[in-house]
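S.K.: If you scroll down you'll find the structure; I have some questions about it.
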Amino acid sequence: MTWLLRSGGPAAALVALAAGLTGCGAGGTPAAPAHSSAAAGTSSTRVEGSAPTLVSATSTDDVDAAAGSWSTTWKACFAPVDGAAVVGWQVQTLTSEGTSPRIEQLPGPCVELQVAHGTGTPADGPARIAALSDAASLVYRVRAERTDGSVTPWTGPVAAGTSR
């Protein structure tokens, strides 16, 4: 299980997202990340094979009756298409303003994000609907790092809240 952002909901996730977009070029062209490495996607990284596929995407409500609170977590899991051995996973944030220059390492093949939280029960009230709607603007793409040092192409964009 991977917590890409352990947040107080979409607002905190959007703040973290904005921080990751520092240096994004105009027109969606990413600027070079400050922490570039071959694994992080510099021009020396070989891209081979097929992009991973989204194998599952679910949203789950967790209720803490003792605390009188709830949270909704979205989890998306990926798998290599060609069955190649994978040593790591990377995720990158996409927005309407461009691609984040930051490529984050994932310890496993899943992206997990708290997309809404509140008190009481997770009824579909206006605040919950607004939080889930905001979360849908959070979009990610994932790629796998192979044992030979190459990486797969990026997946297509996957919006938080997508179900599969």
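S.K.: Got at least one residue in segment 35-42 being modelled with pLDDT under 95, of a type outside the set (Asp, Glu) and at positive phi?
M.R.: Yes, segment 35-42 contains a residue that is modelled with pLDDT under 95, of a type outside the set (Asp, Glu) and at positive phi.
S.K.: For segment 59-77, state whether one or more residues are within 25 Å of residue 47 (Cα to Cα) and either in contact with a strand residue (DSSP E or B) (Cβ under 8 Å, 6 or more places away or on another chain) or modelled with pLDDT of 90 or more (or both).
M.R.: Looking for residues that are within 25 Å of residue 47 (Cα to Cα) and either in contact with a strand residue (DSSP E or B) (Cβ under 8 Å, 6 or more places away or on another chain) or modelled with pLDDT of 90 or more (or both), one finds at least one in segment 59-77, hence yes.
S.K.: Run residue 150 past the list (1) out of contact with any strand residue (DSSP E or B) (no Cβ under 9 Å at 6 or more places or on another chain); (2) under 30 Å from residue 45 (Cα atoms); (3) among the polar types (S, T, N, Q) and report the number of the one that doesn't hold.
M.R.: Condition not satisfied by residue 150: (1).
S.K.: Sticking with this one: Any idea which residue in segment 76-98 is farthest from residue 139 (Cα to Cα), counting only those that are under 18 Å from the mean Cα position of the chain (by Cα) and part of a loop (DSSP other than H, G, I, E, B)?
M.R.: Here the answer is 80.
S.K.: Another one. Could you count how many residues in segment 78-120 are buried (at least 17 other Cβ atoms within 10 Å of the Cβ) and modelled with pLDDT under 90?
M.R.: The qualifying residues number 1.
S.K.: Restricted to segment 52-94, and to residues that are touching a Cys at 6+ places or on another chain (Cβ under 6 Å) and in contact (Cβ under 8 Å) with a residue 40 or more places away in the chain, which residue is farthest from residue 117 (Cα to Cα)?
M.R.: The qualifying residue farthest from residue 117 (Cα to Cα) is 55.
S.K.: If we keep just the residues of segment 121-164 that are surrounded by fewer than 14 Cβ atoms within 10 Å (Cβ to Cβ) and among the acidic types (Asp, Glu), which is nearest to residue 50 (Cα to Cα)?
M.R.: The qualifying residue nearest to residue 50 (Cα to Cα) is 148.
S.K.: Kindly provide the set of residues from segment 109-164 that are under 16 Å from residue 93 (Cβ atoms) and in a loop (DSSP other than H, G, I, E, B), ordered by number.
M.R.: If the condition is that a residue be under 16 Å from residue 93 (Cβ atoms) and in a loop (DSSP other than H, G, I, E, B), then 136, 137, 138, 154, 155, 156, 157, 160, 161, 162 are the ones that fit.
The values are calculated or read from the model by the stated rules, or taken from the named source; none is laboratory data. Quantities reported herein were computed from a predicted structural model and do not represent experimental measurements. Quick reminder, even Gly has a Cβ in these numbers, built from the backbone with ideal geometry, and neighbours come from all protein chains shown.
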